[in-house]
Structure formats: structure tokens, C-alpha cells
1. When the chain is treated as a GNM, springs tying every alpha-carbon pair under 10 Å, which of 18, 174, 140 comes out with the largest mean-square fluctuation?
2. Mind ordering 178-185, 72-79, 126-133 by average Cβ neighbours within 10 Å, highest first?
3. If I stretch the segment between residue 137 and residue 27 completely, what's the gain in nm (0.36 nm per residue apart, minus their alpha carbon distance), one decimal?
4. When the chain is modelled as a GNM with alpha-carbon springs shorter than 10 Å, which of 86, 214, 101 fluctuates the most?
5. Full extension from residue 40 to residue 208: what is 0.36 nm times the residue separation minus their Cα-Cα distance, to one decimal in nm?
6. Against the longest principal axis of the chain, how steep is helix 157-168, in degrees 0 to 90 to the nearest 10, with axes from Cα atoms?
7. With a cut-off of 19 Å, note down the residues of the range 148-176 whose backbone N falls inside the zone around a label point 7 Å from the Cα of residue 184 toward its beta carbon.
8. Take every DSSP beta bridge whose two residues both sit in the chain, then give the antiparallel share in percent to the nearest 5.
């Protein structure tokens, strides 16, 4: 019997498969993550660990978990895990691909539409009593149909799903892959949607230079990783009016401190990282994570390895 620690309460009933297989499962209570010292204490006798993006799996954590065999990351990415350190210990690392594609693509397009049509401002005006009558100049937004969208991250699963949605709006789609000219695409795009993985090469790929190259009046959407964007440069682009708006589901750090300068920027919509937040997607993520744990604890190759 192996001990498994789950760093957060999860949707669905797949964790029961671990207990059915004879493993002892401990789930951290509540919706907030354990403090790093609490996490290190929790994994002292753990062979299987289920983490979310908020748990940093570094050398200190691995040193505190001498029995650890497998880590199931509750995400499509794994930038919260020191992959060199896990490889040195031959600890298998798995992720949860595919199942959050549509949920995240839906949210990306919802953010695009909300930013383009200034929905948060319009809704706030109703609640605040500032809606007096039909106004010919009130809350004018940007067209979406027929416009050009640059999907940064190329033809990955989520980017491709966003492209399909954009095609339904008769948008011209520019798929920007690793070897494509990012700045050339930014010069053409009315909307920019970020879906690249966060790596040392992509960190702050949207910096002051990239933003200066962006078509004036464009709208930026980020449902990828917060670190893709230099947020100080983004704030400047919004304050100057060079960008019409930005809509973010991810930031760096998460959450943003209340006094973060980015939050003072105009025409900004920030959500609390809810790209995969549907009952269906999250339950499927739990199932994939459990499949990874079961395989790793049995010494089998993971069905959904990080790669």
C-alpha cells in the first residue's frame, strides 16, 4: 500500500480508484493550497503526490519526500515542477492534457468578446445607476466578426480550438508558432490570443518591444501563462492607449497583490485563472491525474507523461 497526498480537494469521484487499489489517500482540506512548509511535512512518507500549479515542486520538497515515486500535476503544463530534479530521482511526472481544451478555448473567446464589447464596464454601469437611457455614444466597442486574430502558440490543442471558434466569426486567423515571426503577426492582428507554454524562451515574449510592434488599438487575451507577458509593459501600453484592452485569465504572480500597478491600468479585465473551471473539465482532469498516479505507483509508464 502506498501513501498518496492530494494537495487540494478535486472535482469528481476518481480519487476513489486509488483507495480501491489499496492506497491510503490524504486530501488537503479547503480550497487554498498548503504552505510550502506544510506541504513538505505532508509528503514525508508519500509515494504519490497530486499537485496543482500553485504547489512548487523543487529540490527542497523532493528532499522532504524520500519515498516519492510519482507526481501527477493537475494541469496541462508543468512549469511549477523542477523537471531536472525529478529526473535525477527517477520520479515520474504526469499531466492532464486534452480534457481542458474546449473549456479553456471557450473562456479565451469569452474574454475576447467581453473585452471587445466592453461588457464589464457596461454591466457595472447598470448596477451603479449610470445607465440612463439608450445612448448612441455609450460603451462603444470593437467589431469581432471579420477581424484578424493572431494565435500565439501556433496549432496546439487550445490554440487550434480558439481558431475554430474564430473561424465561426469569419475572422482571419494567423497561427504563430515557435519559428514564425511574432512581431510581423502582431502588426497585422486586431486581437492577440496567447497559448504558448511558459519556458525560458517564451517568458516575457510579449514585452515592451512586442507591444510597440502590436497594431494600435489591438486587444490582448492571455489564457496561457502569466509569465508570457511583461506586465509592467502591458500596463504602460494600456495607459498610453496603444492597446485598446487586455483580458487575462492568468497573471504573474497569482493572485496579483491588490496594489499591483497592473490593476490600475484602464480597459483591463482579470479573471482568477478559471480556464478549466467547468465541472466536466475538472472531473476529467482528476481522472487523468489518478490514472497517472496508479501507473506510477505500480511502476508502469504514465499514460499522460509530462513532455
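Where a number appears in this text, it was derived from the coordinates with a stated rule and is not lab data. Fair warning: this is a prediction, and the values are worked out from it, not measured in the lab. Every residue, glycine as well, gets a Cβ built from its backbone with ideal geometry; the counts of neighbours run over all protein chains shown.
1. 140
2. Working: 178-185: 13.0, 72-79: 22.5, 126-133: 9.0.
Output ranking for 178-185, 72-79, 126-133: 72-79, 178-185, 126-133.
3. Net length gain for the segment: 34.3 nm.
4. In this elastic network of the chain, the residue with the biggest mean-square fluctuation among 86, 214, 101 is 86.
5. Difference between extended and current length: 56.6 nm.
6. Compared with the principal axis, the helix lies near 30 degrees.
7. Under cut-off, by backbone N: 148-155, 172-176.
8. Once the DSSP bridges in the chain are tallied, antiparallel ones form about 5 percent.
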